[in-house]
Amino acid sequence: MARPTKEQIRELPLYLGLDMEHIHIVDTQEQAQLALVTLQHEHSLGFDTESKPIFRKGQVCPGPTLIQLANATDAFLFPTRFAFAVDAASQLLNNPNIKKVGFGLAGDKKELSTKLDIHIQNIEDLAVTVKHLAGEKKPLGARASVAFVLKQRLGKGAQKSNWGTYPLSPTQIQYAANDAYCAICIENVIHTL
């Protein structure tokens, strides 16, 4: 089966992902500790970052403003404005025993390294993995991969929103959580094939 077309994707049911009770914003020390306790023994985690958008030519990206990690039941959003959130995310991302899976991770990896001194260990870019499954020449992004593997349509409504604002809107929270969550869902399905 080949990469789904935009028309085919539009026909699919919407990917609902996690509801708000399973999305945790790491904005306290207690939430940072909960994230570590919950995620530190996972074999794989869905992973993504969001950055404040650049509106002017020549403007430099300040780096990720949000780091997202998810297991099969919960997502944790780590706002980089909080040192304890960055520290907790760093411990998980630097752990070589946990595979981090996501889409188009080269940019995320570079930004985390140069802006936050986080050096991710053990990552897999699902865009390449799904490309091989689909028999395609080009990597498949999150939207095409969700359609191909999960047979659902991933909403991208908040993708271009201002990730530099805080607190995040409910739409941003849901979008960010589901970007990481869809990656772990795809990883889990791939390993059953």
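The values are calculated or read from the model by the stated rules, or taken from the named source; none is laboratory data. Quick caveat, the model's predicted, so the values are computed rather than measured. All Cβ positions, glycine included, derive from the backbone under ideal geometry; neighbour counts span all protein chains shown.
Can you name the residue in the stretch 148-177 that is of a type in the set (A, V, I, L, M) and closer than 24 Å to Met20 by Cβ and is also surrounded by the fewest Cβ atoms within 10 Å (Cβ to Cβ) among such residues? It would help to see each step written out before you state the result.
Our first condition is that a residue be of a type in the set (A, V, I, L, M); within the stretch 148-177, this holds for 149-150, 154, 158, 168, 173, 176-177.
Okay, now just the ones that are also closer than 24 Å to Met20 by Cβ, so 150, 154, 158, 168, 173, 176-177.
Values: Leu150: 16, Leu154: 21, Ala158: 20, Leu168: 22, Ile173: 21, Ala176: 26, Ala177: 27.
That would be Leu150.
Condition first: farther than 25 Å from Arg81 by Cβ and modelled with pLDDT of 95 or more. Now tell me which residues in the stretch 155-181 satisfy that. Steps first, please.
Of all residues in the stretch 155-181, those farther than 25 Å from Arg81 by Cβ come to 155.
None - no residue of the stretch 155-181 is farther than 25 Å from Arg81 by Cβ and modelled with pLDDT of 95 or more, so the list stays empty.
Answer with yes or no whether Thr38 is over 30 Å from Ala134 (Cβ atoms), polar (S, T, N, Q), touching a residue at least 12 places away in the same chain (Cβ under 8 Å) and part of a helix (DSSP H, G or I). Write out each step before concluding.
Working: over 30 Å from Ala134 (Cβ atoms): yes; polar (S, T, N, Q): yes; touching a residue at least 12 places away in the same chain (Cβ under 8 Å): yes; part of a helix (DSSP H, G or I): yes.
Judged against the criteria, Thr38 is a match.
Just to verify a result, which residue in the stretch 173-192, among those that are touching a residue at least 24 places away in the same chain (Cβ under 8 Å) and over 11 Å from the mean Cα position of the chain (by Cα), is farthest from Leu140 (Cα to Cα)? Even if it seems obvious, please write down each step before you answer.
Initial filter on the stretch 173-192 (touching a residue at least 24 places away in the same chain (Cβ under 8 Å)): 173-174, 176-190.
From what's left, over 11 Å from the mean Cα position of the chain (by Cα): 173-174, 185-190.
Details: Ile173: 24, Gln174: 22, Cys185: 16, Ile186: 12, Glu187: 14, Asn188: 17, Val189: 16, Ile190: 14 Å.
The residue in question is Ile173.
Restricting to the stretch 113-144, name every residue that is touching a residue at least 40 places away in the same chain (Cβ under 8 Å), more than 21 Å from Ile173 (Cα to Cα) and of a type in the set (Gly, Ala, Ser).
Across the stretch 113-144, the qualifying residues are Ala134, Gly135, Ala144.
How many residues are part of a helix (DSSP H, G or I) and of a type in the set (Lys, Arg) when one looks only at the stretch 96-111?
Taking the stretch 96-111 and keeping what is part of a helix (DSSP H, G or I), we get 105-111.
Still in the list and also of a type in the set (Lys, Arg): 109-110.
Final tally of qualifying residues: 2.
In a loop (DSSP other than H, G, I, E, B), more than 23 Å from Leu36 (Cβ to Cβ), more than 17 Å from the chain's Cα centre (by Cα) and of a type in the set (S, T, N, Q): which single residue out of Thr114, Thr165 fits that description? Break it down stepwise before answering.
Values: Thr114 fails: in a loop (DSSP other than H, G, I, E, B).
When all the criteria are applied, what remains is Thr165.
Identify all residues within the stretch 28-55 that are farther than 22 Å from Asn188 by Cα, at pLDDT 95 or above and either among the hydroxyl-bearing types (Ser, Thr, Tyr) or more than 18 Å from the chain's Cα centre (by Cα) (or both); write none if there are none.
Those that are farther than 22 Å from Asn188 by Cα, at pLDDT 95 or above and either among the hydroxyl-bearing types (Ser, Thr, Tyr) or more than 18 Å from the chain's Cα centre (by Cα) (or both): Thr28, Gln29, Glu30, Gln31, Gln33, Leu34.
What is the residue count in the stretch 62-99 for residues that are over 18 Å from Ala32 (Cα atoms) and surrounded by 14 or more Cβ atoms within 10 Å (Cβ to Cβ)?
Number satisfying all stated conditions: 2.
When Leu14 is evaluated against the numbered criteria (1) surrounded by fewer than 14 Cβ atoms within 10 Å (Cβ to Cβ); (2) in contact (Cβ under 8 Å) with a residue 40 or more places away in the chain; (3) out of contact with any Gly (no Cβ under 8 Å at 6 or more places or on another chain), which criterion, by number, is the only one it fails?
Of the numbered conditions (1) surrounded by fewer than 14 Cβ atoms within 10 Å (Cβ to Cβ); (2) in contact (Cβ under 8 Å) with a residue 40 or more places away in the chain; (3) out of contact with any Gly (no Cβ under 8 Å at 6 or more places or on another chain), the odd one out for Leu14 is (3).
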